[in-house]
1. Would you check if residue 173 is at pLDDT 95 or above and either part of a loop (DSSP other than H, G, I, E, B) or in contact with a helix residue (DSSP H, G or I) (Cβ under 9 Å, 6 or more places away or on another chain) (or both)?
2. Listed residues 300, 314; which is in contact with a helix residue (DSSP H, G or I) (Cβ under 6 Å, 6 or more places away or on another chain), surrounded by fewer than 21 Cβ atoms within 10 Å (Cβ to Cβ) and under 19 Å from residue 14 (Cβ atoms)?
3. Can residue 181 be described as outside the structural domain of residue 238 (by TED's automatic domain parsing) and over 30 Å from residue 34 (Cβ atoms)?
4. Working carefully through the options 248, 237, find the one that is surrounded by 15 or more Cβ atoms within 10 Å (Cβ to Cβ) and closer than 23 Å to residue 165 by Cα.
5. Look at residue 273 and say whether it is touching a helix residue (DSSP H, G or I) at 6+ places or on another chain (Cβ under 6 Å) and either touching a residue at least 24 places away in the same chain (Cβ under 8 Å) or assigned by TED's automatic domain parsing to the domain that holds residue 334 (or both).
6. Mind telling me which of the residues 135, 168, 217 ends up being in contact with a strand residue (DSSP E or B) (Cβ under 9 Å, 6 or more places away or on another chain), free of Cβ contacts under 8 Å to residues at least 40 places away in the same chain and closer than 24 Å to residue 88 by Cβ?
7. Find the helices (runs of 4 or more DSSP H) located wholly in region 208-285 whose residues include 3 or more that are closer than 30 Å to residue 101 by Cβ, and list them.
8. Quick one: is residue 297 under 24 Å from residue 56 (Cβ atoms) and at pLDDT 95 or above?
């Protein structure tokens with residue numbers, strides 16, 4: 001196991017900001033994972049697991065701990081007919097590449113999750129979702145190293161406790177597990193999922209192939225600056241910086257009174273309503289393309305905080321904190337960040 005010191009993290013994240021990690025270990029085989037965790041324990045330092053770097057904002061001062069970069073490779077896609085087809089992929093596999101391979105083989109269930117940057121191991125942590133699908137709808141198990149017991153466990157969907165952008169991995173058991181691989185139950189010959197309005201409108205009156213839906217999703221993401229494209233300044237982001245708030249009906253009614261009409265909302269089950277974070281941000285006065293120092297908002301998506309080319313991590317942090325405070329003061333809704341804030345002494349609430 002190779003241990004590197006003072007490794008710049010800006011080069012390993014899509015926001016391209018932040019200082020160095022005190023130590024960095026790249027886990028290429030499974031045995032590297034417990035060794036890396038043990039190294040952190042021996043040093044008395046926190047351990048942070050890094051995948052594709054698309055969901056993290058690293059402080060300018062860096063991270064005084066051990067960063068374990070997951071590079072575990074391998075994918076098993078069974079050949080021949082069968083329903084469902086269980087696909088197993090190692091945590092370090094590129095997510096969009098996996099989606100592409102499954103779509104090419106006619107396996108449905110994750111086609112609407114095309115174009116999402118990052119690795120397979122990150123998908124269950126946030127229960128990644130977009131355009132009418134979530135990974136929770138197909139995951140059959142998550143195999144992970146349990147830092148508490150020192151053993152490898154296979155967690156069922158129930159044990160993962162998936163919710164909207166949540167799981168045990170980022171809530172009740174944060175920092176306990178390091179994902180090793182994920183198994184998905186996909187359906188051969190399935191009709192694509194067309195629940196998202198902008199997506200279904202593209203195929204009105206026709207039944208598209210899984211491949212056509214994948215390309216349409218990627219095109220929509222490209223139009224919003226949410227597809228990683230070399231040379232596109234709107235791509236220097238961590239995707240959507242804030243989650244869409246899920247409110248009780250009582251809170252939602254109070255919000256409607258404060259916000260007036262025109263705010264998009266969606267049923268979220270069990271007396272809950274999901275509202276548009278982008279609408280709240282824009283109607284709090286933060287418009288697409290605005291700038292704050294080296295940071296700003298994407299010209300195409302108001303939830304994407306971008307590095308305009310010369311940003312410090314503090315610029316992005318201050319912009320996020322300002323948006324959060326203004327939205328709360330204007331609408332009484334507290335926006336929750338999606339990216340992990342690594343190495344910051346302050347929180348967005350301070």
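The values are calculated or read from the model by the stated rules, or taken from the named source; none is laboratory data. On a predicted model such as this, the values are computed, not experimentally measured, just so you know. Here Cβ is always computed from backbone atoms with ideal geometry, including for glycine, and neighbour counts include all displayed protein chains.
1. It is true that residue 173 is at pLDDT 95 or above and either part of a loop (DSSP other than H, G, I, E, B) or in contact with a helix residue (DSSP H, G or I) (Cβ under 9 Å, 6 or more places away or on another chain) (or both).
2. Going through 300, 314 in turn, just one is in contact with a helix residue (DSSP H, G or I) (Cβ under 6 Å, 6 or more places away or on another chain), surrounded by fewer than 21 Cβ atoms within 10 Å (Cβ to Cβ) and under 19 Å from residue 14 (Cβ atoms): 300.
3. Taking the combined requirement at face value, the residue does not satisfy it.
4. After ruling out the rest, the residue left standing is 237.
5. yes
6. Of the residues listed, the single one that is in contact with a strand residue (DSSP E or B) (Cβ under 9 Å, 6 or more places away or on another chain), free of Cβ contacts under 8 Å to residues at least 40 places away in the same chain and closer than 24 Å to residue 88 by Cβ is 168.
7. Filter on region 208-285 gives 210-223.
8. Judged against the criteria, residue 297 is a match.
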